[in-house]
Amino acid sequence: MTPEGPGMRPARAVDASMTLLNEVMHRPLDAGYAEAAQRRAEGAAPSRGAATVVVLLVIAVLLGFVTTQAVAELREPQPGVVAARTLLQDEIVSSREQVAAQTAQNAALGASIDSLRDSALELVDPQMVQTAARDSFANGTVAARGPGITVTVADGADAATNPGAFVQDTDLQSVVNALWSSGAEAIAVNGQRLTSTTAIRSAGSAILVDLVGVAGPYEVVALGDQNGLETGLARSSAAQQLSTLGSQYGIKTNVATHEELLVPAGPTRVLFTARPLDDTKDDQ
């Protein structure tokens, strides 16, 4: 019983603060819509004439035609956009050709410098020529050849619809690190020589090796003892990772041994800040 009497305030309903929620839950239709629906159910709503039906059909057809036309115009490339895209593609092709020409010229100049250096050193200190050659091979600035293995990693067959089927930069990093740990003496990825300053990373969906974009299938060439490289790679975590990628995403891996492989020379780095440890020359 709720107490009532003089001076007593009437009790509030338990759900008084939920009026709006109750209206939405129990009476979702506006009163006008409910009344119109009731009239239609009772047959009291005015029937539409033939003219009204025809007008509605014509309006629907016109709206459909206008919508279709608008979508077609939006999807059709504008002449200005096509021209701009064509110009950009031509500039990209031209820039790539210029870069390739300048890279070849730079390589030729580098080889000429090395030849002149060796000729000068032969007259002064022949032993220094051999030291320079060993140092150049160690830092990857000269091409190298010898026995070794190749590790080819390719995207899965459904890479177009499954992002997990793409080879990632971390996958190549794992393979390269395993090969270095297994005794590789020189490594190249898709023709890009790895040196002490080379990075393998991603830029969007592309993989960059020493800031150069490479595309699959990715071929990792490693020079060194064939048995040691093959055994070391098979026992590494990289092999387990590649096996998992193959079973789950269809990424293909192939390892092959070769009696003669070639890795190209890497770029010569110019150090502006670092200097040898025994260089005691004071900073200027």
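Let's see how each residue does on (1) assigned to a helix (DSSP H, G or I); (2) under 38 Å from the mean Cα position of the chain (by Cα); (3) among the charged types (D, E, K, R):
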{"site": "60", "(1), (2), (3)": "yes, no, no"}
{"site": "65", "(1), (2), (3)": "yes, no, no"}
{"site": "71", "(1), (2), (3)": "yes, yes, no"}
{"site": "88", "(1), (2), (3)": "yes, yes, no"}
{"site": "98", "(1), (2), (3)": "yes, yes, no"}
{"site": "123", "(1), (2), (3)": "yes, no, no"}
{"site": "135", "(1), (2), (3)": "yes, yes, yes"}
{"site": "148", "(1), (2), (3)": "no, yes, no"}
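Against the test of being more than 30 Å from residue 109 (Cα to Cα) and out of contact with any Phe, Trp or Tyr (no Cβ under 8 Å at 6 or more places or on another chain), the options 245, 223, 271 yield a single qualifying residue, 245. The single condition from (1) polar (S, T, N, Q); (2) over 23 Å from residue 222 (Cα atoms); (3) surrounded by 13 or more Cβ atoms within 10 Å (Cβ to Cβ) that residue 136 fails is (2). When 229, 262, 245 are checked against the criterion of being closer than 28 Å to residue 143 by Cβ and either basic (Lys, Arg) or buried (at least 17 other Cβ atoms within 10 Å of the Cβ) (or both), a single residue qualifies: 229.
Residue count for segment 232-242 under the criterion of being crowded, with 18+ Cβ neighbours inside 10 Å and within 18 Å of residue 169 (Cα to Cα): the result is 5. In segment 205-217, is there at least one residue being within 15 Å of residue 170 (Cα to Cα), modelled with pLDDT under 95 and touching a Pro at 6+ places or on another chain (Cβ under 9 Å)? So far as segment 205-217 goes, yes, one or more of its residues are within 15 Å of residue 170 (Cα to Cα), modelled with pLDDT under 95 and touching a Pro at 6+ places or on another chain (Cβ under 9 Å).
The values are calculated or read from the model by the stated rules, or taken from the named source; none is laboratory data. Nothing here was measured: the structure is a model prediction, and the numbers come from that model. Glycine gets a Cβ as well: all are built from the backbone with ideal geometry, and neighbour counts include every protein chain shown.
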